[in-house]
Structure formats: structure tokens, C-alpha cells
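The values are calculated or read from the model by the stated rules, or taken from the named source; none is laboratory data. The model shown is predicted, which means the values in this text are computed figures rather than measured ones. Quick reminder, even Gly has a Cβ in these numbers, built from the backbone with ideal geometry, and neighbours come from all protein chains shown. Just the protein is used for accessible areas: all its heavy atoms, side chains included, with ligands, DNA and RNA removed. Shrake-Rupley method; radii C 1.70, N 1.55, O 1.52, S 1.80 Å.
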Amino acid sequence: MIPGHLVSNLAKEYRIDEQCRTFDEWSHVVAMSAAQLTHAIGLNDVCDNLQMHQSTLSTIRGATPPSRNNLSHANKIRSADMAEALYWAMLEHLQTVSPKFGKGRCRGYLKRFKATIHAVDSTTIQLVANCMDWAKHRRRKAAAKCHLRLNLQSFLPGCAVIDTAKHHDSKKAWALCAELQEGEIVIFDKAYVDFDHLADLRERGVWWVTRAKDNMQYEVVGKLKTTDNPRILSDEVIGMNGVKTQEEYPHELRRVEALIEVDGKDMEMVFITDNMEWTATSVIELYRCRWDIEVFFKEIKQTLQLADFLGQSANAVRWQVWIGLLVHLLLRYLAFLHSWAHSFTRIFTVIRAALWNRWCLDSLLQRYGTADAHFRMLARPEQAYLPGFAQVAG
């Protein structure tokens, strides 16, 4: 599915072709993709696997198996920016070839909104502290973070930032939301609350929804009445009265307090937004749909190889994460082409089981996708988060 010219062109752009001798850039991409599909737990694992299937591997545009040292060296010195560029180029290519790919429709309550809706969050990737000093963020812990903006209509990323875990989430909010257009909606948790950034979103015409921090200082300017739902405790227009926050966000915003059932118990939660026209129920339902990004993180962590890393450098970790996301994208595209009705986990296991055999994918996926029950590719966030909150028409 990857165009033959794409990898070589990117290698020239990032000057990786100058670093290739016996192990070219195409073989590097294939090797790292195979490592994801086979869940390789080390360099020897992936290299031995490719050596054993060398004849089959060579049919994939002449790809060659690497030695342990070659693969380790390539992951260390070849810029992972090429792997990142390859992911975004493939996403654009697949959407050009199949315009309907990634053009899904919002489900449930989100059908009421015509605008594009994004969710922003991060997931932590645990690393080994005693051999990855660059990733230390606590005394005895090391980790990397993948900050992601997910399009809730297509269930595909719109922006991703992979960095160490020592930086606060709010510092990455600017980069994640830089490409949002007027009229679009973005949802994030309170870890991404930065009033300077929220003011920038408001000035650009971007609607946002998040949860309020417990220590937020404000004064009530007015009250709204958009619903008779008894679980809505208050719906207020407020202004910031903290010295710093008032300077960063001099505008009015909306504060909605509601009772939310969590683990069978009612809890008071406070949501804030820059939109004054939605019903209070809509504000809460929008935040509820942020759970989709948690489903996405769970999906890639349960299938891709993001636990055991083939290198200890920051560049090697980025190579593995970006190729993992690329494999996820290609499998999602396969599911789209063949109208796969089951879970992403199952298509991953089917492809992994048939990896070194020559199959017609259409017949393969039809054979293993004919169970009586049908499963959605996406989870239903309304069953996973904020249970018990009645959906009232707004």
C-alpha cells in the first residue's frame, strides 16, 4: 500500500540515503513494520525472523534482512523525522486514493454537531530508567509521552507530538491545536488548561470544552437556563478574577456544574467552555465523547509493540512509535477496504498469523470475518464514561 517512490523521496529529503550502504531505507521501514506485526521483543528477535524468511522478504520490493548491528545503528542515527513524515504522507495518500476513508460520521449525541470535533490527550509510554537517562522524569522512572489530537469523526490522528514525559501537558497544547480552523470544536481534560492558550482558541473562533481546575478563581457574571435536567446543578457565565488568569483570559466563559455517576456514585463535576449557546447537556455530552481518545490509546497499546523497545536512544524510540502508528493506519485502511466488521484487535491477529504466507487479502479477511455477531471498530464511549447521565434533547 506504500507507493514505491515515497520512502526513497523522503530518504533524500532527510538525507538518510547518504547513510545507507547495505541496509537501505526501504528495508529499514519494512523491518520496523515487521517488528510491530510480530511483537518482536529485541533486535535479535526481529533480525532472526527476517533472516529466516529472507526469500519471501526479498519479494517486497527487494527488501533485505538487517544484521543486529545494522538495525541498531539505523535506529540510532537515521532521523526519526522521516518516519513521522512517512506517516502523515501515507495518511494523505490513502485519503486521496479512497476519499471516504477517514470521513466517518459522528455517532450518538455528536450527530447533532456539524462541525469537526477533536479530542486532545496524551498517553505515557514506560521506559527503563537505568538505561534511558534522556527520558527520566522522576527519581526512578523514565517515560516518553505521545500527545495526540484525534478526529472523533474519522478516529484518526490529526496531530501527534512524541516527547519525554517531563514536560507538562499544557505546554504541548499550542502545537496540538495550531491547525484548528474557525468553527471546529476541541475537547481536552484539565491537564491541558492554559488560559493564555484558551484565549487564543477563542480569538481564532475555535470552540473548546474542558473541566475546571479545583482552585480556579472566578466571579459569577450571570446565570443561564438551557435545560430542566435536575442533574445540572448550575449553569453560569463567569469571569476570571485571579491576577494572572484575568490577564491571560480577559473574556467571559461558561461554567457548568453537574452530577455525574462514577462507579455507581454521584460526583459533582465542573465543566468550562467558551460557547454560550449550547445547552448544558450538550457541554457535558461533548466532554463525555473525549473517552474516544482513551479507546484509541488502548487500541494501539494492546496491539502494537510499544512495550519492548529495540533501542535505548530517543531517536530509536521515536522510530518505533511512528512506525507503530503507520502499521495501525495501514491495518485501519485494510479494514475499510474489506468492510471489516470485527474489532481492530482481530484484524491485527489475522494479519500477524498470515504474515509470511501469500494470501489474497480479500478472501483471507472474508474467511475470518464471517462470525454471526458484528463488532464496531470503535467503542461506544457513552457506555464507558459518565454512565447514568441521561441524554436529554437540547
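Of note:
- Where Rh is the Kirkwood radius over Cα pairs, Rg/Rh for region 1-43: 1.02
- Where Ser33, Ser339 fall by accessible area, highest first, once all protein chains stay in place (1.4 Å): Ser339, Ser33
- Rolling a 1.4 Å probe over the heavy atoms of the protein chains gives region 110-263 an accessible area of 49 Å² per residue.
- Angstrom value of the Kirkwood radius, inverse mean 1/r, which spans all Cα pairs in region 251-302: 12.8 Å
- Two-decimal Rg/Rh across the chain, once Rg and the Kirkwood Rh are taken from alpha-carbon atoms: 1.01
- Once the GluC sites (Glu not before Pro) in DSSP loops with at most 16 neighbouring Cβ atoms within 10 Å are cut out of the chain, the longest remaining piece is 1-178.
- Links that overshoot a 29 Å alpha carbon limit, given the list Lys190/Lys244; Lys100/Lys213; Lys225/Lys298; Lys12/Lys100; Lys12/Lys301; Lys190/Lys301: Lys100/Lys213; Lys225/Lys298; Lys12/Lys100; Lys12/Lys301
- Between the helical axis of 344-353 and the longest alpha-carbon principal axis of the chain there is an angle of about 10 degrees.
- Using a probe of 1.4 Å, the accessible surface attributed to Tyr218 totals some 70 Å² when neighbouring protein chains are kept in position.
- The 1.4 Å probe gives accessible areas that order Met1, Met240, largest first, as Met1, Met240.
- With Cα atoms, 0 to 90° folded angle of helix 43-52 axis to the chain main axis: 50 degrees
- Fraction of beta bridges assigned by DSSP in the chain that are antiparallel (%, nearest 5): 85 percent
- The ellipsoid that matches the Cα gyration tensor of region 219-291 has semi-axes, each √(5λ) in whole angstrom, of 23, 14, 12, with the longest given first.
- log10 of Debye I(q)/I(0), alpha-carbon scatterers only, for region 1-119 at 0.12 Å⁻¹: -0.55
- For region 196-201, Karplus couplings with θ = phi - 60° (6.51, -1.76, 1.60), whole Hz, Gly/Pro x: 5, 5, 4, 5, 5, 4
- Proximal lysines relative to Lys103, as straight alpha-carbon distance under 19 Å, when same-chain residues fewer than 8 apart are discounted: Lys111, Lys114
- Order of exposure, largest accessible area first, which applies to Trp319, Trp174 with probe 1.4 Å: Trp174, Trp319
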